[in-house]
Structure formats: C-alpha cells, structure tokens
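Student: If you scroll down you'll find the structure; I have some questions about it.
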Amino acid sequence: STNSTTYLDVTGLSVSITPSSSSNKILVQFGLACTATAGVFSANARVLRDSTPVMIGDAAGSRTRATFMWEGGGESNTPFGAQLLDSPSLASAITYKVQMRVNNGANTSYVNRSVNDSDSAVYARTFSYITVMEVAA
C-alpha cells in the first residue's frame with residue numbers, strides 16, 4: 001500500500017533478465033490488481049526498465065505520465081494488464097519493475113487486497129505479476 005504522491009517501487013513486482021544479444025527484444029508482461037480509498041482523485045502506476053519509464057502516456061502539460069490510472073471508489077478491485085515488446089539494445093542485466101503513487105496523500109492505494117481487508121469471505125486477496133522473456137531478433 002502507499003499514500004505517497006511520488007512514485008515508489010511495488011514490492012515483489014520486479015524482475016531481472018540478461019539478454020544474450022543486444023539486438024534481441026524483451027517481452028514484458030504484467031498484471032496489477034489495485035484498489036484505492038474513496039476520495040482518491042486518482043492513483044497511477046508505471047513500468048520502468050532500470051530507471052527509465054517505458055510504456056507510459058505522452059507528455060501533455062502538467063499531466064502525469066503513467067501506464068495506468070485508477071480512481072478511488074471504495075472496494076472495487078481494478079485489474080490492469082499489458083505487455084510490451086521492448087528494444088533495450090543491451091546485453092547486460094536489465095531490471096523491469098512497477099511503481100505506483102497517489103495524487104492525494106491523505107488517501108491510500110493498495111495492491112492485491114481490498115481497501116477493507118477484514119478477515120471475511122466477502123474480501124478477497126488477488127495477485128499481480130511481472131514476467132519477461134527474451135525474443136530473438
């Protein structure tokens with residue numbers, strides 16, 4: 001969970017790979033299950049290759065560049081999934097990871113659980129993932 005207004009790494013959503021050739025591509029697949037407390041104007045997530053954001057929206061004024069955005073609505077668990085065929089042009093270790101943030105620090109966004117995480121069959125635990133695969137050029 002986070003109530004940070006700056007991007008933070010999502011624990012457990014990072015993976016490293018070392019391509020055998022700099023001409024090969026990397027297929028990145030990930031899914032993110034998230035919720036946000038009511039009143040969160042929005043929360044954002046993005047994917048990075050090492051420290052470089054990839055698969056993000058275009059720059060437009062002061063708008064945040066992100067892979068996904070969701071709005072707080074209580075107990076709604078919002079699943080996001082995407083894939084990217086990346087061309088890092090590297091033959092050294094690369095780390096892909098997911099980061100998230102909220103736009104209002106008074107609220108919180110969660111991964112893999114509901115906002116109200118009471119011990120009840122009404123509330124579920126979900127999963128998120130990130131996988132990578134080298135694709136020969």
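Student: Give the average over all directions of the projected area of the C-alpha convex hull of the chain, one decimal, in nm².
Tutor: Quarter of the Cα hull surface area: 8.7 nm².
Student: Carbon and sulfur atoms: what percent of the 1.4 Å accessible area of the chain do they account for?
Tutor: Whole-percent figure for carbon plus sulfur exposure: 49.
Student: Taking only protein heavy atoms into account and a 1.4 Å probe, give the accessible area per residue of segment 91-137 in Å².
Tutor: 55 Å²
Student: Another question, then. Which peptide among 26-37, 101-112, 10-21, 119-130 comes first, and what is the full order, when sorted by highest mean count of other Cβ atoms within 10 Å?
Tutor: 26-37, 101-112, 10-21, 119-130
Student: Size of the dipole of the chain about the Cα centre, Lys and Arg at +1 and Asp and Glu at -1 on the beta carbon, nothing else charged, in debye to 20?
Tutor: Its charge dipole is roughly 200 debye.
Student: Given a Förster distance of 30 angstrom, what is the FRET efficiency for residue 50 paired with residue 123, based on the Cβ-Cβ distance and rounded to 0.05?
Tutor: E(calc), rounded to 0.05, equals 0.25.
Student: Over the chain, what is the relative contact order in percent, taking alpha-carbon pairs closer than 8 angstrom and at least six residues apart?
Tutor: This gives 45 percent for the chain.
Student: What is the gain in length, in nm to one decimal, between residue 38 and residue 116 on full extension, counting 0.36 nm per residue of separation less the C-alpha to C-alpha distance?
Tutor: Value of the extension gain: 27.0 nm.
Student: Okay, next question. Could you run the Karplus curve 6.51 cos²θ - 1.76 cosθ + 1.60 with θ = phi - 60° over segment 5-13 and give me ³J(HN,Hα) per residue in whole Hz, x for Gly and Pro?
Tutor: 8, 10, 4, 10, 5, 8, 3, x, 10
Student: Another question, then. Length gain on complete extension for the stretch residue 60 to residue 137, per 0.36 nm per residue less the alpha carbon to alpha carbon distance?
Tutor: 24.4 nm
The values are calculated or read from the model by the stated rules, or taken from the named source; none is laboratory data. Quick caveat: nothing in here was measured; it's all calculated off a predicted structure. Heads up, the Cβs are rebuilt from the backbone with ideal geometry, glycines too, and the neighbour counts pull from every protein chain shown. All accessible areas refer to the heavy atoms of the entire protein, side chains included, with ligands and DNA or RNA removed. Shrake-Rupley method; radii C 1.70, N 1.55, O 1.52, S 1.80 Å.
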